Amino acid sequence: MKYNFALIGAAGYVAPRHMQAIQNTGNDLIAALDKHDSVGVIDSFFPDAAFFVEYERFDRHLEKLKRSGTPLHYLSVCSPNYLHDAHIRFGLRHGADVICEKPMVLNPWNLDALEEIAAETGRSVFNILQLRLHPSVQQLRERIQQAPGDSKFDVDLTYITSRGNWYYASWKGREPQSGGIATNIGVHFYDMLQWIFGPVRQNTVHLHTHDRAAGFLEFERARVRWFLSINTDTLPDIVKTAGGRTFRALTIEGEEFEFSGGFTDLHTQSYQAILDGKGFPLSAARPAIEIVHDIRHQQPLGLKGDFHPLAKLPLAPHPFHQ
């Protein structure tokens, strides 16, 4: 069966991955919405898709299609983080199942509300948690599960993805809209860690500023020091010398775990899993949402206790502050 999709957030960074996944799984994008009209990328995938910059006209179009016998089977949500729950409700009320980018919501109670309306409408909500589909991550999880039951691993997670000043002018640089650094660029890593190492036992934040965050997470099977940053100056010298702008590292008991490759088709795999009835539902999103919510609402301790070494790097002023 060929399914009809609509997409909210067509001009965003991640939207092309969703368009590609819809195309790769043999389905059709019938309508898309974004308040920005720089969406020429649609031509590479679904040039016949209807496009709207006004929410009301998008709603009217989908309603018209439904009443003329063209149902909406799935809505893909790629909008700013703080709008996800509203757009998920929109899809559910239109009788569609919803596929939402991470983070699904900013707060745990938003999940509670979505669970209620999903039950009322009889539709489903799925989260894109693509790291769970990465072959190396799956092999690591199996390795941890096969380790002796009393094993507890020491882990360091470092993720630096450089962003320019545009970031702070966009919704991504505003904590009420994005959830801040830990939520915006870290939520999928926290999901991966809890999926591999089990439930959270302790969540401590050492540092949380506009361009970086660091802390300590104790899971059932691991002690994790983590550091996230969008500041180019925090990159290792070897990466900067080579002209790189991203650094991703995960070490387990001092051994580097390599998972930098293999990301190309994970959105397509995520979509195919959903279509096969094996997607990650609302409940799967909750552990990571609770982690980032707790990080966001903690008072950072400073450099006390077991902190990530990069937390000691000199802090930088906000680029918009004089």
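Taking the criterion of being among the hydrophobic types (A, V, I, L, M, F, W, C) and either within 25 Å of GLY69 (Cα to Cα) or open to solvent by 50 Å² or more (accessible area, probe 1.4 Å) (or both), the residues of region 1-16 that qualify are MET1, PHE5, ALA6, LEU7, ILE8, ALA10. Among the residues of region 286-322, those identified as of a type in the set (A, V, I, L, M, F, W, C), open to solvent by less than 50 Å² (accessible area, probe 1.4 Å) and within 20 Å of ARG201 (Cβ to Cβ) are ALA288, ILE289, ILE291, VAL292, ILE295, PHE307.
Residue check: ALA213 meets all listed conditions (1) under 17 Å from PRO287 (Cα atoms); (2) open to solvent by less than 10 Å² (accessible area, probe 1.4 Å) but one, namely (1). So, of the residues in region 211-232 that are outside any loop (DSSP other than H, G, I, E, B) and touching an Asp or Glu at 6+ places or on another chain (Cβ under 9 Å), which turns out to be nearest to GLU290 (Cα to Cα)? Going through the qualifying residues, I end up with PHE216. Search region 17-55 for residues being in a loop (DSSP other than H, G, I, E, B) and among the hydroxyl-bearing types (Ser, Thr, Tyr), and hand back the single one that is surrounded by the fewest Cβ atoms within 10 Å (Cβ to Cβ). Result: SER38.
Quick grid of which residues meet (1) touching a Gly at 6+ places or on another chain (Cβ under 6 Å); (2) among the charged types (D, E, K, R); (3) modelled with pLDDT of 95 or more:
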{"position": "LEU7", "(1), (2), (3)": "no, no, yes"}
{"position": "TYR13", "(1), (2), (3)": "no, no, no"}
{"position": "PRO16", "(1), (2), (3)": "no, no, yes"}
{"position": "MET19", "(1), (2), (3)": "no, no, yes"}
{"position": "SER44", "(1), (2), (3)": "no, no, yes"}
{"position": "ALA49", "(1), (2), (3)": "no, no, yes"}
{"position": "PHE52", "(1), (2), (3)": "no, no, yes"}
{"position": "LYS64", "(1), (2), (3)": "no, yes, yes"}
{"position": "ARG93", "(1), (2), (3)": "no, yes, yes"}
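Out of ILE185, ILE181, one residue alone is within 14 Å of the chain's Cα centre (by Cα) and either farther than 14 Å from ALA288 by Cβ or open to solvent by 30 Å² or more (accessible area, probe 1.4 Å) (or both). It is ILE181. For region 217-264, taking the residues that are without any contact (Cβ under 8 Å) to a residue 24 or more places away in the chain and charged (D, E, K, R), the one that is surrounded by the fewest Cβ atoms within 10 Å (Cβ to Cβ) is identified as ASP237.
The single condition among (1) in contact with a Phe, Trp or Tyr (Cβ under 7 Å, 6 or more places away or on another chain); (2) under 14 Å from ILE8 (Cβ atoms); (3) not hydroxyl-bearing (Ser, Thr, Tyr) that GLY91 does not satisfy is (1). Residue check: is LEU275 in contact with a strand residue (DSSP E or B) (Cβ under 9 Å, 6 or more places away or on another chain), modelled with pLDDT of 95 or more, at negative phi and open to solvent by 80 Å² or more (accessible area, probe 1.4 Å)? Spelling it out, it is not the case that LEU275 is in contact with a strand residue (DSSP E or B) (Cβ under 9 Å, 6 or more places away or on another chain), modelled with pLDDT of 95 or more, at negative phi and open to solvent by 80 Å² or more (accessible area, probe 1.4 Å).
Within region 89-117, the set of residues being more than 25 Å from TYR190 (Cα to Cα) and aromatic (Phe, Trp, Tyr) comprises just one member, PHE90.
If I go through region 275-322 residue by residue, how many of them are assigned to a loop (DSSP other than H, G, I, E, B) and either over 30 Å from ILE22 (Cβ atoms) or of a type in the set (Asp, Glu) (or both)? Of the residues in region 275-322, 23 are assigned to a loop (DSSP other than H, G, I, E, B) and either over 30 Å from ILE22 (Cβ atoms) or of a type in the set (Asp, Glu) (or both).
The values are calculated or read from the model by the stated rules, or taken from the named source; none is laboratory data. All figures in this text were calculated on a predicted structure; none of them were measured in a lab. Here Cβ is always computed from backbone atoms with ideal geometry, including for glycine, and neighbour counts include all displayed protein chains. Calculation scope for accessible area: heavy atoms of the full protein, side chains included, ligands and nucleic acids excluded. Shrake-Rupley method; radii C 1.70, N 1.55, O 1.52, S 1.80 Å.
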